[in-house]
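Below: the structure, in structure tokens.
FYI, it's all coordinate maths here, none of it is from the lab. Bear in mind that the values here come from a model prediction, so they are computed numbers and not experimental data. Cβ: placed from backbone, ideal geometry, glycine included. Neighbour counts: every protein chain shown.
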Amino acid sequence: MFWVKFSLIVIIVFGLISMVKFLLRKIFNIEKVKRKFFSNNHINESHRKVDKWVRILTAITLMVLGIMIINDEDLTYLYILGFTTLSALDYSVRAFFEWKSSEYPKQAILTLAEMILVITAILIVFQFCIA
């Protein structure tokens, strides 16, 4: 039953993100940018370097938090906090470089909206798992 609920939440979140991006594109006249499906899509070289360090920090932090949860299951809230904070950091770095260095600075609006929706979805899924 868990996987049915999880799949339903993923489908709803994907649809909600698509709808919000569509509406924001219409409201703010944001051009649609073609991107490769499985690609990092770095804006410039400095974005690539910063993103590399953010990913290394994320990997190390989540491994440490994972080990802490193995030792003490009561620290699940700490993992949730770390995961959402690091996800927000990743999206914020992307939005910053889109705003400052991209040919299409309005894309940062879409990135921030996606960040809010994804973090909300993560918190909802963790709430269902813990409760």
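Scanning the range 89-105 for residues that are crowded, with 16+ Cβ neighbours inside 10 Å and either of a type in the set (Gly, Ala, Ser) or touching a Phe, Trp or Tyr at 6+ places or on another chain (Cβ under 9 Å) (or both) yields ALA95, GLU98, SER102. In the condition set (1) surrounded by fewer than 15 Cβ atoms within 10 Å (Cβ to Cβ); (2) over 27 Å from LEU8 (Cβ atoms); (3) over 18 Å from the mean Cα position of the chain (by Cα), ARG55 is compliant with all but (3). Could we say that ASP72 is surrounded by 15 or more Cβ atoms within 10 Å (Cβ to Cβ) and of a type outside the set (Ser, Thr, Tyr) here? Answer is no for this residue.
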